[in-house]
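What follows is one structure encoded as structure tokens, with my remarks underneath.
A short reminder: the numbers here are calculations on the coordinates, not readings from a lab. Since we're looking at a predicted model, the values are computed, not measured. Here the Cβ positions follow ideal geometry from the backbone for every residue, glycine too, while neighbour counts run over all protein chains shown.
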Amino acid sequence: MNLFKRAEIAPLEYTRRLWMRAWIAATLFFLYAPLLVLIAFSFNDSKRNIVWRGFTFKYYGKVLENDGLMAALGNSLTIAFLATVFSIILGTLAAVMLWRFRFPGKTAVEGTMALPIVVPEICMGVAMLVFFAKLDWPTDLPWPLNLSAITIAHITFCFPFVAMVVRARLAGFNKEQEEAAKDLGATEWQAFRDVLLPHMKPGIIAGALLAFTLSLDDFVITFFTSGPNTITFPVKVYSMVRFSVTPEVNAASAILIFLTILLTTVALKLQDFTKATA
Amino acid sequence: MTEKQPVISIRNVTKRFGNMVAVDNVSIDILEGEFFVLLGPSGCGKTTLLRMIAGFEMPSEGQILIGGQDMAGVSPNQRPVNMVFQSYAVFPHMSVADNVAYGLKISGVAKPEIRTRVDEALELVSLGGLGQRMPDQLSGGQRQRVALARGLVMRPQVLLLDEPLSALDAKLRAQMQFELAELQDNVGITFVTVTHDQDEALSMACRIAVMNKGDVAQLAGPSDLYEHPANRFVADFIGSVNIFEGKLTVDEPEQAVVDCPEVGRVYLNHGVTGAHDTTVWVAIRPEKITMLPAGKAKAKDSPDGHNIANGQIKGLSYLGDVTVYEVRLESGRSIRVSRPNLSRWDQEDFSWDDKVSLHWHPTSPIVLLS
């Protein structure tokens, strides 16, 4: 009997095949090893980032005391928040328009809306730079108005992502539900609020997460639209790296990673919560 | 008996989509408290007509009155009708109770009243106690009951149902046909149902409007439609039928004869209102034809040689309760005959290639003028 022999590997039990496991391990290694090294070395008690010299928290302290970096982080979060809010509104409206109406030039509108996604970032950056220069966009406004140029640039490349995700979600919507709401007495707005919006919600949340993270870690476009007083977090990190890669940079990056993970988790939890109470 | 009032009056309604005429000058009165069915093949305009009553489409011409009021320019959310959609359109993010309560909430009914009315409605469709379930935890049949309750709770003057049973399996559909008819009887609300399924229509309806290409082909009760169809379309659409072309050669008050090249002389013991020598059509239902071994047939109450045809069995399908035979007549024309399987034991076995004689009673043939 094969009491001590393991059962044969069934066709779909991929995780029990050695080459498959090796493949998965390699994938995970290349994805996460650099991040883990980065986080590990943020605790390195050394000025240089080459040899491990013992554990310390002091670079996290240094990061928090670094006013320039903290100001940059504040800028980044403000921009990301504003860009996300506007992207949600614009993207959702665009998606609903493209889903509901038929009009001449619809394909062209859809195409141009996807343009910011496919155009190389460097081109977008240069285009934005020229655009704001031509407009003579004021750069000496008080905070947070001085972030307006960057925010507008971020909205431009963030809202198509929201629109695409919400549009995909709407494709699965049964229009009879909206008609049913109206049939039961709902006005156009009530039907939108009570039926269409709840249907779009997972798409909007996913789109918002995309927009927020895209805005938070964008470097290229921001680099071209930021001025001396409007440094964002990635741009600041870049300028720090140009002097030397200290554990302080590692610590700053680690903080960004933690922030992103935290926000994503909160958003997912929120979604579960609303689902459970709906 | 008091005269019933029309709750819906459809007056000369035409609906065009571009060049396509979906509904062509239709006039129907639907009476208070009746179970009315719009029956027809797909694309006949029945759903368009229903959607015009609900207010989702506007007539190109004509008028629709509900409770005596002209509905022109009245949007769906203002009309005293509610609809059960083909897909049920139950809101997936709301519980069963919230789905049913939705219309009441929108119209500002007080909370305690909403609760009692929702409970009542759920009880009515046998969903009592399932109010807290989410739609994805329900079966198809239960979702449909939610859609029903959601409409009924509004106490509409008319409940519109768009192909209400088409998504259910055969057993459940048969059961729901009875339940729907009973429900309608209990609540006394006028039901208007759209279906392409004749069994559904015949079993549930008080009256049926058979539609064809945007037109009402006939409006009558179930048995009238079956036994007295007005034209070939209705005869053919409702049930199974054999139709022969012929010429009206005798037409007197007490008798008529139609000469059909394919089946011989067809004798009727009643008159036909048609001009002499005009082309008419004779329709005979398969179950109204008697089949006997060759030479044994003798048509009672008919002159010699009338209402008799000889042929050979070319096909048969055993359906359990009846067996349907396809008989090739001497003229080459095939005709359908059905026989109930009355006994479990001695089935007189007609089989392939058996020679048989067919005959029918002089009341059986239906003469159609169009």
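Descriptive notes on the structure:
- Cut-off under 5 Å, modelled amide H: who pairs with B:ALA22 long-range: B:LYS15, B:ARG16, B:PHE17
- Sorted into 10 angstrom bins from 0, the C-alpha pair distances of region A:55-150 split as 12, 26, 32, 19, 8, 3, 0 percent.
- When only Cα pairs below 8 angstrom with a gap of at least 6 residues are kept, chain B shows a relative contact order of 15 percent.
- Rounded to the nearest 0.05, the FRET efficiency derived from the C-beta distance between A:PHE192 and B:VAL109 at R0 = 25 Å is 0.70.
- Computed from backbone phi, the HN-Hα couplings of region A:138-147 come to x, 10, 9, 7, x, 4, x, 5, 5, 8 Hz, rounded to whole numbers (Karplus: 6.51 cos²θ - 1.76 cosθ + 1.60, θ = phi - 60°; Gly and Pro given as x).
- Prolate/oblate/rounded call for region B:268-370, Cα gyration tensor, a/c under 1.5 rounded: prolate
- Charged neighbours of A:SER239, selected by a Cβ distance under 15 Å, balance to 0 (K, R count +1; D, E count -1).
- Note that chain A, at 10 °C in a medium of 1.306 mPa s, gets a Stokes-Einstein diffusion coefficient of 71 µm²/s from its Kirkwood radius over C-alpha pairs.
- Cβ crowding within 10 Å averaged over residues, with B:25-32, A:27-34, B:202-209 ranked highest first: B:202-209, B:25-32, A:27-34
- Cross-link partners of A:LYS201 among aspartates and glutamates (Cα-Cα below 13 Å; sequence separation of 8 or more within a chain): A:ASP272
- Over region B:82-156, relative contact order from alpha-carbon pairs under 8 Å, at least 6 apart, %: 51 percent
- Per-peptide packing, taken as the mean over residues of other Cβ atoms within 10 Å, places A:125-133, A:196-204 in the sequence A:196-204, A:125-133 from highest down.
- Inter-chain Cβ neighbour average for residues B:92-101, partner chain, 10 Å: 3
- CD proxy at 222 nm, helix term only [per DSSP H run n ≥ 4: -39500 (n - 2.57); per residue of chain B; nearest 500]: -7000 deg cm²/dmol
- For the protein assembly as shown, share of DSSP beta bridges that run antiparallel, in % to the nearest 5: 75 percent
- Within 10 Å of the Cβ of each residue in B:83-90, the mean number of Cβ atoms contributed by other protein chains is 5.
- The aspartates and glutamates within cross-link reach of B:LYS296, meaning a Cα-to-Cα straight distance under 15 Å and a gap of 8 or more places when in the same chain, are B:ASP304, B:GLU348, B:ASP354.
- Cβ crowding within 10 Å ranks B:ASP349, B:ASP70 as B:ASP349, B:ASP70, fewest other Cβ atoms first.
- Nearest-0.05 FRET efficiency for B:LEU319 and A:TYR14, computed from C-beta distance (R0 41 Å): 0.25
- Aspartates and glutamates with Cα under 20 Å of A:LYS58, excluding same-chain neighbours fewer than 8 positions away: A:ASP45, A:ASP67, A:GLU248
- ³J(HN,Hα), Karplus 6.51/-1.76/1.60, whole Hz, each residue of region A:66-81, x for Gly, Pro: 6, 4, x, 5, 5, 4, 4, 4, x, 4, 4, 5, 4, 4, 4, 4
- Shape call, region A:4-94: gyration tensor on alpha carbons, a/c limit 1.5: oblate
- Sequence-ordered 3J(HN,Hα) estimates for region A:95-109 from the Karplus curve with 6.51, -1.76 and 1.60 and θ = phi - 60° stand at 4, 4, 4, 5, 7, 7, 9, 10, 8, x, x, 4, 4, 5, 4 Hz, glycine and proline given as x.
- Spacing of the modelled spin labels on B:ASN12 and A:LYS134, each 7 Å from Cα toward Cβ, amounts to 6.1 nm.
- Prolate/oblate/rounded call for region B:61-184, Cα gyration tensor, a/c under 1.5 rounded: oblate
- Helix axis angle, B:96-106 relative to chain B longest principal axis, alpha carbon, degrees: 70 degrees
- Relative packing of peptides B:254-263, A:77-86 - highest average C-beta neighbours within 10 Å first: A:77-86, B:254-263
- Within 10 Å of the Cβ of each residue in B:131-139, the mean number of Cβ atoms contributed by other protein chains is 0.
- Kirkwood radius and radius of gyration were both taken over the C-alpha atoms of region B:1-107, and their ratio Rg/Rh is 1.01.
- With respect to chain B, whose longest principal axis is taken over its alpha-carbon atoms, helix B:111-124 is tilted by about 20°.
- Electrostatic bookkeeping for A:ALA149 treats Lys and Arg as +1 and Asp and Glu as -1; over the other residues with beta carbon under 13 Å from its beta carbon, the sum is -1.
- Normalised contact order of chain A, rounded percent, pairs of Cα under 8 Å and 6 or more residues apart: 30 percent
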